[in-house]
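Enquirer: My questions all concern the structure below.
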């Protein structure tokens with residue numbers, strides 16, 4: 001019975017002294033034919049070379065990428081994970097494995113990198129070059145470098161936004177903006193305690209402020225670009241609408257993140273308005289955003305108090321009118337539909353509801369059936385319903401009344 005190639009190679013190693021001429025000749029021959037040796041037996045050769053001549057593993061760097069090269073490297077690192085190797089894998093081989101994972105097994109890349117005890121600058125540079133920012137952000141998070149993670153995200157948001165403004169609307173760029181915005185909030189979700197009573201912002205609150213400001217800067221930049229052109233253009237309007245929604249989502253995510261601490265939200269929002277006139281933008285530029293936020297969430301009193309001090313009169317008048325309507329009874333006593341019990345208002349409604357509402361406010365055509373399904377009605381008695389739920393109860397458009405207060 002014939003011996004396999006790995007068995008013959010292993011015998012050559014065991015039958016020769018490590019310093020003998022014969023051993024040197026064997027090693028030189030394997031180096032010259034390394035790709036051939038691992039092509040058919042990548043897993044077996046990884047074991048044999050690691051056990052008898054570990055320095056041969058570095059020959060991996062001298063052959064072109066291939067599936068069998070990845071299998072060899074993967075087998076080598078599996079041996080390392082099992083703690084059966086009597087040597088440390090060189091840094092350049094680790095970097096090569098990262099490159100192979102990116103190409104042949106991307107799903108494993110994140111777990112491998114985050115499992116490294118020490119991550120070299122070369123690995124970070126490679127990941128950044130190939131836009132593996134989520135992994136880089138996780139590296140910073142794991143090292144308790146939250147500030148670095150958020151600033152990296154903000155830099156990507158700014159670059160992506162500028163590309164969108166310069167190149168025109170692109171779904172790929174638009175999706176990338178939202179991906180990194182949500183990643184930023186995800187990083188800051190596990191920040192320090194929300195019960196801070198200091199008037200100054202905590203580090204986490206300041207990073208939230210910087211993240212929100214980055215979206216407003218892009219919104220203003222797009223607005224100014226549209227004004228400078230002087231004539232309406234559908235493509236420019238589309239880009240501007242992207243940044244308007246982007247800024248709205250930034251604020252609504254901020255409110256959701258701080259919903260259990262209105263003082264924290266108020267401090268961040270106050271500081272945003274205080275800085276906006278000298279650093280970010282003029283308050284008039286964010287008027288549409290403030291109006292949308294005030295309609296979407298119930299932080300009315302806190303926001304009104306801040307705006308009374310800081311915002312020009314015409315914005316305050318609009319918001320004061322909203323508050324008057326609230327005082328007249330046009331607000332919900334409960335956030336749930338009185339018929340089906342599902343949320344019809346506030347931060348816990350289905351995200352699709354808010355998306356459709358935003359599109360409607362922005363003038364985007366909305367399917368009438370979807371629109372009808374999402375309509376709500378609020379009576380002055382503070383009871384609220386889905387319109388479709390009242391329809392099912394036999395209360396139609398011409399005779400809309402609260403079925404709790406005026407049962408038939």
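The values are calculated or read from the model by the stated rules, or taken from the named source; none is laboratory data. Since the model is a prediction, treat every value here as computed from it, not as a measurement. We place every Cβ from the backbone using ideal geometry, glycine too, and count neighbours over all the protein chains shown.
Enquirer: Taking residue 10, is it assigned to a helix (DSSP H, G or I) and either farther than 24 Å from residue 139 by Cα or at pLDDT below 95 (or both)? Before the answer, list the steps.
Expert: Values: assigned to a helix (DSSP H, G or I): yes; either farther than 24 Å from residue 139 by Cα or at pLDDT below 95 (or both): yes.
Answer is yes for this residue.
Enquirer: Here's another thing I want to ask about it. Can you work out which of the residues in the range 342-385 that are under 30 Å from residue 242 (Cβ atoms) and part of a strand (DSSP E or B) is modelled with the highest pLDDT?
Expert: 376
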